[in-house]
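Novice: Structure below; questions to follow.
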Amino acid sequence: MPARPQAPTLSPAGTRVLQQLVMTGDASRTALATDTGLTPGAITRAVRPLLEAGLLDETGGRASTEGALGRPATVVTVRTEAHLVIGIKVTADQMFGVLCDLRCRVLDELTVPVGDHGPEALVSQVADLVERLRSGRPEVGSVGLAVSGDVDAASGHVAYSPFLGWRDVPLGQEVARRTGLATTVENDVRALLTGERWYGVGRGLSSLALVTVGTGIGCALLVNGQVVHGSFGVAGEVGHVLVDPEGPLCHCGNRGCVEAIAGSASILERMAQAGFAGLGIGDVAELARSGQPDAVRVLAEAGSAVGTGIATIANLLGAQHIVITGEAIGSSPEPADDERDYDVMDPHVRAAFEQRAFGSAARSAIELRPLRFVDWARGAAACAVEDFVTHYGRS
Ligand SMILES: [Zn+2]
């Protein structure tokens, strides 16, 4: 097997060009200059070492008026399989892994149960899953892990993860040691946002908010083109925005937080209080659709609470686009079910948002969509790609 070429030393312009091409896939040199604000000479100097390292290809195939005297413009393309990444979403009972190319297209995926979720046992299981996904693919160069809770992405430490019962676990360091691969660890909701930023609705946006509605309410923010980590690891806690001071008790100790009204555990508990015990979130949506008054009321209140929470985000940040997703919005593996799962909450989210968003903040585009587990893993893979393109060629 041929040795992998040594990474060249890249200038900041080289990094900028690589980032742009990983986002777009390909571009003419002229378009690259326009998109990055670099001169044609700087583009030439930036592209050369990346071509030599085998990360880019250049073809003269696309006829264009850009070329002088009618010559076809040369198109620079990222070689998406030159560096592969593995993304893994870690939960206390299952791990979802994907093998992706540099544009985060899923080449392979694998879900495995988690036996023991103590840190040491889990690191071994992550390493095994990485080995299964990378089998026979020497191009695999990095791993991204997505974990719920308070994660220090810079050090790869999980400071606190309530679902895993972990405190201060050097997860990134341990997985890197076991696999020999560059390893990135990120909070799971921020990982989803990173995926949107590189490959989804966030491409080209400077501000974006992503809210997940499940057992908890998660939120990740992109502000001025940067993912917000918060000075103390906490930012965008929309789940604990106050909706109703007389509302249900929240696990944070306050009353009437968004999460205490719209979190799926809270929705199910309120249905149980109304005499409907043992339901899943999809059952509540089904009951609401059939007009059952308790289900209609509980989901309407949940939707309004989420709408109030995202209006707060819009009022504070003026986000261009707000994505609302998660298991309470719809996570069924069957697309046909996904289509139906969030229709009940949608009008209540929008009505509360429109009522609460101040002035032009109401222009934020609101999008509700279902969430599949593979999306979490793909977000983790996007973090690995981001780390690769940001640090490639940097000493
Ligand atoms: Zn709370």
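Laboratory data are not the source of any read-out in this text; all were calculated from the coordinates shown. Predicted model, so just to flag it, every value in this text is computed and none were measured. Using ideal geometry, Cβ is built from the backbone for each residue, glycine included, and neighbour counts are taken over all protein chains shown.
Novice: Any residue at all in the stretch 248-262 that's touching a Lys or Arg at 6+ places or on another chain (Cβ under 6 Å) and near the ligand (Cβ under 10 Å from one of its atoms)? Can you show your working first?
Specialist: First pass over the stretch 248-262, keeping only residues touching a Lys or Arg at 6+ places or on another chain (Cβ under 6 Å): 249.
Next, only the ones that are near the ligand (Cβ under 10 Å from one of its atoms) stay: 249.
There is at least one residue in the stretch 248-262 that is touching a Lys or Arg at 6+ places or on another chain (Cβ under 6 Å) and near the ligand (Cβ under 10 Å from one of its atoms).
Novice: Please go through the stretch 98-131 and give me each residue that is in a strand (DSSP E or B) and touching a Leu at 6+ places or on another chain (Cβ under 9 Å), ordered by number.
Specialist: Pass one, the stretch 98-131, residues in a strand (DSSP E or B): 98-100, 106-113.
Val98, Leu99, Cys100, Val106, Leu107, Asp108, Glu109, Leu110, Val112 - these are the residues of the stretch 98-131 that are in a strand (DSSP E or B) and touching a Leu at 6+ places or on another chain (Cβ under 9 Å).
Novice: While we're on this one: Would a scan of the stretch 96-113 turn up a residue that is at positive phi and in contact (Cβ under 8 Å) with a residue 24 or more places away in the chain? So that I can check it myself, show each step before the final result.
Specialist: Step one: of the stretch 96-113, the residues at positive phi are 104.
Subset that is in contact (Cβ under 8 Å) with a residue 24 or more places away in the chain: 104.
Taking every residue of the stretch 96-113 in turn, at least one turns out to be at positive phi and in contact (Cβ under 8 Å) with a residue 24 or more places away in the chain.
Novice: I'd like to know if the stretch 187-210 contains one or more residues that are within 16 Å of the ligand (Cβ to nearest atom), outside any loop (DSSP other than H, G, I, E, B) and closer than 19 Å to Gly303 by Cα.
Specialist: no
Novice: Test each condition in (1) within 16 Å of the ligand (Cβ to nearest atom); (2) in contact with a Leu (Cβ under 7 Å, 6 or more places away or on another chain) for Glu269 and report the one that comes out false.
Specialist: The failed condition is (2).
Novice: Out of the residues in the stretch 85-94 meeting the condition of being surrounded by fewer than 23 Cβ atoms within 10 Å (Cβ to Cβ) and not small (Gly, Ala, Ser), tell me which one is nearest to Gly216 (Cα to Cα).
Specialist: Going through the stretch 85-94, the residues surrounded by fewer than 23 Cβ atoms within 10 Å (Cβ to Cβ) turn out to be 91-94.
Imposing the further condition that a residue be not small (Gly, Ala, Ser) reduces the set to 91, 93-94.
Working: Thr91: 14, Asp93: 17, Gln94: 18 Å.
Filtering the stretch 85-94 for residues that are surrounded by fewer than 23 Cβ atoms within 10 Å (Cβ to Cβ) and not small (Gly, Ala, Ser), the one nearest to Gly216 (Cα to Cα) comes out as Thr91.
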